[in-house]
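The values are calculated or read from the model by the stated rules, or taken from the named source; none is laboratory data. Quick caveat, the model's predicted, so the values are computed rather than measured. When we count neighbours, we look across all protein chains shown, and the Cβ atoms used for this are built from the backbone with ideal geometry, even at glycine. For the accessible areas, the whole protein counts, side chains as well, though only heavy atoms, and no ligand, DNA or RNA atoms are used. Shrake-Rupley method; radii C 1.70, N 1.55, O 1.52, S 1.80 Å.
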Amino acid sequence: MKELTYPFDGAFLLKNKKKIRRKLMEEKVVRIKKKIAVLGGSTTDDIISMMELFLLEQGIEPEFYQSEYGRYWQDAVFGTDELLSFKPDVIYVHTTSRNITEYSLDMNNEPSSYQEMLKRQYEHFYFMWEKLSEVYACPIIQNNFEYPLYRTQGNRDCWDYRGKVNFINRLNLMLSDYASEHEGFYINDINYISACYGLDKWLEPSYWYLYKYALNIYAIPELSFNVSNIIKSLFGQNKKALALDLDNTLWGGVIGDDGVSGIDIGMETAAAEAYRAFQQYIKEQKQIGVMLSICSKNDYDNAVAGLEHPDGVLKPDDFLCIKANWEPKDVNVENIAHETGILPESIVFADDNPAEREIVSSQLGIKTPELDNPEDYIRIIDRNGFFEVTAFTSDDLRRNEMYQQNAERAAVCRQYENYSDYLLSLEMKAVIEGFRSVYIPRITQLTNKSNQFNLTTKRYTQQEIEKVGNDKNHICLYGRLIDKFGDNGIVSVVIGRIEDSALHIELWLMSCRVLKRDMEFAMLDSLVQECQQRNINKIYGYYYRTKKNAMVSSLFGQFGFEQLEADENRSKWKLELSGYINKNKVIMVEEGEMAI
């Protein structure tokens, strides 16, 4: 829905929130359901209503708990029966500089006095976070603090130990340190978004005096959108790839008409510098694991020549796919999705041409941000939060490399008439073992990102993964796959719950980048072996249909399970382990960590 894509009209959204919500709820979309507790240090009604709109748009159907006005700390520390029974999946603490209570200006005080104020203020929040984590064991999102409305000392306020600006800067750094040291704790950076919005407008005091809103009511959509981006990232609703046009998107001009020497890129003109800055921004997206592809109506040779321009930042080998031809762009985007093994809706299409954006959006239902002026391209894509990072693993850093290696594997596959011979030629090795603490972030990430090869699509927070991984009544396995082309990283996760002498599979997933390599059979063999060692004699498997996981609807049947019951939305299966014969014939499974 374009109304919910940045840049949006805050006043329009607030005025039409009921109509927009009704329209979103009428869409035939399967959304994941999550419970969100909002603990507010000021009025939060419209913050919640805006969060709901953005989350619905992002594939999450939220249910909210809301603290009474100003009772964020009391609800967090002492709890309420309602909050305890609510069992939130996420807690958002909406506090602002209005909730800084320990700072007071006294120009006669020594530095130690202000240091003590800072310590007391931090401990106020620290105690609350620790209590929330202990009781609810779910992700916590905490605002940092925006700057004050005024500076008593003027510019000196930012460096003098007595200044409130200095106090807030140091308090924000303490929050950052806590976040870096505690998994499952995330900062909603209102210090940044208030600066983007404009501090004077953000802090318009009439909204505080009239309604006890700590920010301008028309800025609430900006705040709520920022929080929703964190939540959708936590639960695997991020986008994964950028498909980029070339002419007037990555450079100025039309290379087919102007030639390589005539396109605008580099440092010679203002426009050329804007395009170069955009290319640099896109290059940085690759660093956080965003997959890059080209989707351009162009001759292939012209496209490659443009990407090899000496003043450009992006080069041909930065892209997994280069679709430079005269096919419709929606067809090319679909082909990019197919070749990279992701769903089309995981792709963001960036094109300066509004007609092309409309065609791709209407045909595929994917995000197509409005790129009208090159100097705004970075801001538009960045502020939309398509690729919000809440966890970053070594696999993210190597994602483009991994998919490039997949292309090499596909090239080798074409040389073999017998597919089994091809699989054997890959010289695959796997480690399959119980969860290890060092891999918990990646395992959590997989549970929230994998949609196609995912039998139950159950989502887990990092705390939940740690809990089941340490529970003797669960069997939890991860699988890592390496072949002669490189390390695919952790690609599969299985979680099963033990009841009596049976195992009930709660989660079975695999990354689509290792499809058709028999990793699922290697995982099944290891799971059966683990069950037999624990005197478990049967495994029950469950499949829950979603819009995206039809490819695994018959997986348990392929494994040799007996179907017990089924309807159009779910099925239940059973495997008796007596006489089980291993199914993996092409992967060598090793114990412990492997050296590449």
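A few comments on the model shown:
- Relative to the current alpha-carbon distance between LYS18 and ARG436, full extension at 0.36 nm per residue lengthens the span by 145.9 nm.
- Applying a DSSP loop filter and a limit of 13 other Cβ atoms within 10 Å to the trypsin sites (Lys or Arg not before Pro) in the stretch 482-521 leaves LYS484, LYS516.
- Within straight-line cross-link reach of LYS17, aspartates and glutamates at Cα separation under 19 Å, skipping those fewer than 8 residues along the same chain: GLU3, ASP9, GLU26, GLU27, ASP45, ASP46, GLU52, GLU57, GLU61, GLU63, GLU222
- The gain in end-to-end length when the ASP45 to VAL331 segment is fully stretched comes to 98.7 nm, 0.36 nm per residue minus the alpha carbon separation.
- Projecting label points 7 angstrom from Cα along Cα→Cβ for ASN537 and HIS124 puts them 6.3 nm apart.
- Cβ-Cβ distance of PHE86 and ASN108, R₀ of 51 Å, FRET efficiency by 1/(1 + (r/R0)^6): the value works out to about 0.60.
- Listed values (i) 19, 54, 24, 2, 0; (ii) 18, 41, 30, 10, 1; (iii) 18, 47, 31, 4, 0, entry calculated as P(r) over Cα pairs in 20 Å bins from 0, in percent: (iii)
- Where the chain is the region considered: accessible area per residue in Å², 1.4 Å probe: 45 Å²
- Of all lysines in the structure, the ones whose alpha carbon falls short of 17 Å from that of LYS315, not counting any fewer than 8 places away in one chain, are LYS283, LYS286, LYS323.
- Estimated [θ] at 222 nm from DSSP helical runs (n ≥ 4, -39500 (n - 2.57)) normalised by residues in the chain, nearest 500: -12000 deg cm²/dmol
- Across the stretch 246-259, coupling constants 3J(HN,Hα) worked out from phi with the 6.51/-1.76/1.60 Karplus curve, θ = phi - 60°, read 10, 4, 6, 10, 8, 8, x, x, 10, 5, x, 9, 8, x Hz, and Gly and Pro carry x.
- Counting protein heavy atoms only, the chain has 47 percent of its accessible area on carbon and sulfur, 1.4 angstrom probe.
- Kyte-Doolittle mean at least -1.0, axial Cα span of 24 Å or more - DSSP H helices of the chain: 111-136, 164-181
- Amide H partners (placed H, <5 Å) of PHE64, local residues excluded: ILE36
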